[in-house]
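Asker: Let me begin by handing over the structure; questions about it come next.
What follows is calculated from the coordinates using simple rules that are stated; it is not laboratory data. The structure displayed is predicted, hence computed values, not measured ones. Here the Cβ positions follow ideal geometry from the backbone for every residue, glycine too, while neighbour counts run over all protein chains shown.
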Amino acid sequence: MKNKSGMVFNISKLTQLKWVVVFRAILGLSLFLKGIQFIQDKSVIRKVFTESLILQEYFWLQTVIPWLNILCGFFIVIGLYTRLMAIIQIPIIIGAIVFVNSKHGAFEGESDLALSIVILVLLLFFLFVGGGNFTWDQVLKKENKSNVEL
């Protein structure tokens with residue numbers, strides 16, 4: 001993709017910016033904390049599943065979703081398999097937007113629609129860009145590279 005000056009824009013340069021790490025940490029922490037919130041107050045997620053005709057058939061998801069949020073959030077914070085964790089979280093966040101937040105409206109007190117949309121945008125960003133600098137993936141790659149050279 002070319003910018004106004006005719007130079008080619010390289011998306012991999014985004015991963016070298018230090019602010020990407022901050023956004024990755026914020027994204028991971030928000031997913032992690034949401035999973036903790038679901039585990040502490042099971043009535044929140046249970047209410048969503050009982051009110052939805054479609055989700056009633058998938059009651060087992062109310063147990064899986066909090067643990068996926070915790071696991072994926074932790075992995076995103078440390079930068080391990082960031083793209084895979086984003087792929088796992090995207091359908092969950094889309095479900096949250098469609099089944100939960102669209103019922104409440106964007107401007108009601110209990111609505112997390114804006115936060116869900118920001119999280120979805122960040123997940124899509126990290127799906128395409130990757131974890132950026134300071135990731136556990138980089139540590140593992142360096143370790144594997146040094147083991148191969150021996």
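Asker: Could you pull out the chymotrypsin sites (Phe, Trp or Tyr not before Pro) across region 26-71 that fall in loop regions by DSSP (anything but H, G, I, E, B) with no more than 14 other Cβ atoms inside 10 Å?
Answerer: 59, 60
Asker: Moving on to the next point. What is the spin-label model distance, in nm, from residue 63 to residue 118 if the labels are put 7 Å beyond Cα along the C-beta direction?
Answerer: Result: 3.4 nm between the two label points.
Asker: Moving to a separate point now. With contacts defined as alpha carbon pairs under 8 Å and 6 or more residues apart, what's the relative contact order of region 11-149 in percent?
Answerer: Here the relative contact order equals 34 percent.
Asker: Now, a different point. Apply the Karplus parameterisation 6.51 cos²θ - 1.76 cosθ + 1.60, with θ equal to phi minus 60°, to every residue of region 25-37 and state each ³J(HN,Hα) to the nearest whole Hz, in sequence, with x for glycine and proline.
Answerer: Going residue by residue, I get 5, 5, 4, x, 5, 5, 5, 4, 5, 5, x, 4, 4 Hz, with x marking Gly and Pro.
Asker: Give me the dipole magnitude in Debye, nearest 20, for region 11-149 about the Cα centre, with unit charges on the beta carbon: positive for Lys and Arg, negative for Asp and Glu.
Answerer: Taking the Cα centre of region 11-149 as origin, the dipole is about 380 debye.
Asker: Where the centroid of each part is defined by its Cα atoms, how far is region 116-150 from region 24-53 in Å?
Answerer: Each part's Cα centre sits 25 Å from the other's.
Asker: Toward the positive end of the charge dipole of region 11-149, about the Cα centre and with charges on Cβ (Lys, Arg +1; Asp, Glu -1), which of 96, 60, 81 goes farthest?
Answerer: So the residue furthest toward the plus end is 81.
Asker: Here's something else I'd like to know. Relative to the present Cα-Cα distance, how much length would full extension add between residue 90 and residue 37 at 0.36 nm per residue of separation?
Answerer: Answer, rounded to one decimal: 17.2 nm.
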